[in-house]
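Please read the structure below before turning to the comments.
The values are calculated or read from the model by the stated rules, or taken from the named source; none is laboratory data. What you see is a predicted model, and the numbers here were worked out from it, not measured in a lab. Neighbour counts are summed over all protein chains in view; Cβ atoms, including those assigned to glycine, are modelled from backbone coordinates with ideal geometry.
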Amino acid sequence: MSVEEQFTFLEVTKAEEVAKLAAKIVANNIKENPKIVLGLATGNTMISFYRELVKYYKKGFISFSRVKTFNLDEYYGLDSKSKTSFRNFMNKNLFDKVDIKEKNINFLDGDVKNFEKECKRYENKIKEVGGINLQILGIGVNGHIGFNEPGSSFTSVTRKVKLSQSTQKVNAKEFRGKEIPKYALTMGIKTILSANKTILLAIGGEKARIIKKTLEGKITKKVPASVLRKHKNILIIIDCKAGE
Ligand code: GLP
């Protein structure tokens with residue numbers, strides 16, 4: 001069987017349905033396994049997804065009390081309490097709205113001197129809990145997943161990375177005049193691929209070019225997300241514009 005044939009599942013739907021479908025699947029996974037280990041992502045695409053997921057909690061369908069989470073990445077050189085940190089994004093969009101326990105939230109600390117030690121700690125922690133059951137991913141316009149920029153090795157693990165010019169430009173909007181981080185700590189591609197299941201979400205026309213490359217182009221380091229076609233259990237949910 002070719003890699004392309006193994007490629008599991010693509011769902012193209014209306015923009016507002018992307019978040020709803022993803023939240024429904026994740027909520028069902030939490031219901032089935034209340035001690036699930038989730039890998040979580042940040043970015044605009046995730047805002048509506050978390051909003052929908054919180055609805056399942058508010059309705060009493062799921063609880064996060066035993067759920068463990070690992071976020072993909074964090075800016076390097078930024079205090080986690082900073083407004084622009086991914087940790088703050090997660091607090092605002094999910095953690096503060098559900099009954100997750102602080103001790104079950106795992107995050108890379110971008111405010112450490114010894115980043116190598118921090119990255120090792122994170123990898124070990126993921127292994128210690130038995131690995132990630134379900135990883136949620138967005139995609140950068142250049143094909144990055146987490147902050148694995150084009151050129152990242154498929155065998156990379158959690159590490160410090162330099163953000164590409166194009167990513168820094170996209171991020172500039174969030175940092176409005178403040179210094180834009182040039183580095184980040186991110187799970188590696190190997191770390192991401194080791195999750196049992198992965199769901200990638202993409203919305204909007206600006207993602208169309210990279211989604212086409214991811215799905216139909218070569219599996220190459222130049223398009224990090226293309227490696228997902230090698231994953232044993234991947235679901236890609238996109239809207240019509242991203243699928244054009
Ligand atoms: C950041 C995150 C990625 C995310 C990407 C896309 O770069 N590190 O994990 O996939 O943003 O963000 P958006 O959904 O805003 O396009």
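Does residue 80 satisfy being surrounded by 15 or more Cβ atoms within 10 Å (Cβ to Cβ), closer than 28 Å to residue 167 by Cα, at pLDDT 95 or above and of a type in the set (Gly, Ala, Ser)? Outline the logic, then answer.
On the way: surrounded by 15 or more Cβ atoms within 10 Å (Cβ to Cβ): yes; closer than 28 Å to residue 167 by Cα: yes; at pLDDT 95 or above: no; of a type in the set (Gly, Ala, Ser): yes.
Against the criterion (surrounded by 15 or more Cβ atoms within 10 Å (Cβ to Cβ), closer than 28 Å to residue 167 by Cα, at pLDDT 95 or above and of a type in the set (Gly, Ala, Ser)), residue 80 does not qualify.
So, in segment 132-164, of the ones that are of a type in the set (Lys, Arg) and out of contact with any Gly (no Cβ under 8 Å at 6 or more places or on another chain), which residue ends up nearest to residue 183 (Cα to Cα)?
162
With the checklist (1) surrounded by 21 or more Cβ atoms within 10 Å (Cβ to Cβ); (2) assigned to a loop (DSSP other than H, G, I, E, B) in hand, flag the one item residue 141 doesn't pass.
Answer for residue 141: the failing condition is (1).
Going residue by residue through segment 175-183, is there one that turns out to be under 25 Å from residue 112 (Cα atoms), within 10 Å of the ligand (Cβ to nearest atom) and surrounded by 15 or more Cβ atoms within 10 Å (Cβ to Cβ)?
No, the conditions are met nowhere in segment 175-183.
Confirm whether residue 233 is farther than 30 Å from residue 113 by Cβ, away from the ligand (no atom under 15 Å from the Cβ) and at pLDDT below 95.
When the stated conditions are applied, residue 233 passes them.
Looking at the structure I just gave you, is residue 96 charged (D, E, K, R) and under 20 Å from residue 19 (Cα atoms)?
yes
Working carefully through the options 228, 201, 185, 137, find the one that is touching a Lys or Arg at 6+ places or on another chain (Cβ under 6 Å) and either on the phi < 0 side of the Ramachandran plot or among the small types (Gly, Ala, Ser) (or both). Reasoning before the result, please.
Details: 228 fails: touching a Lys or Arg at 6+ places or on another chain (Cβ under 6 Å); 201 fails: touching a Lys or Arg at 6+ places or on another chain (Cβ under 6 Å); 137 fails: touching a Lys or Arg at 6+ places or on another chain (Cβ under 6 Å).
Selected residue: 185, the only one of 228, 201, 185, 137 that is touching a Lys or Arg at 6+ places or on another chain (Cβ under 6 Å) and either on the phi < 0 side of the Ramachandran plot or among the small types (Gly, Ala, Ser) (or both).
Could you count how many residues in segment 157-174 are under 16 Å from the mean Cα position of the chain (by Cα) and more than 13 Å from the ligand (Cβ to nearest atom)?
3
Pick out the one residue from 133, 106 that is farther than 18 Å from residue 189 by Cβ, surrounded by 16 or more Cβ atoms within 10 Å (Cβ to Cβ), in contact (Cβ under 8 Å) with a residue 40 or more places away in the chain and not β-branched (Val, Ile, Thr).
The match here is 133.
Hey, which of the strands (runs of 3 or more DSSP E) in segment 1-97, taking only ones fully inside, have at least 2 residues that are within 12 Å of the ligand (Cβ to nearest atom), within 17 Å of the chain's Cα centre (by Cα) and within 28 Å of residue 158 (Cβ to Cβ)?
Numbers: elements: 9-13, 37-40, 68-71, 73-75.
The qualifying strands (runs of 3 or more DSSP E) are 37-40, 73-75.
Among the residues of segment 98-130, what is the count of those that are closer than 21 Å to residue 160 by Cβ and part of a loop (DSSP other than H, G, I, E, B)?
8
Is it the case, given these coordinates, that residue 207 is of a type in the set (D, E, K, R), closer than 18 Å to residue 170 by Cβ and surrounded by 23 or more Cβ atoms within 10 Å (Cβ to Cβ)?
Yes; evaluated as a whole, the condition is true for this residue.
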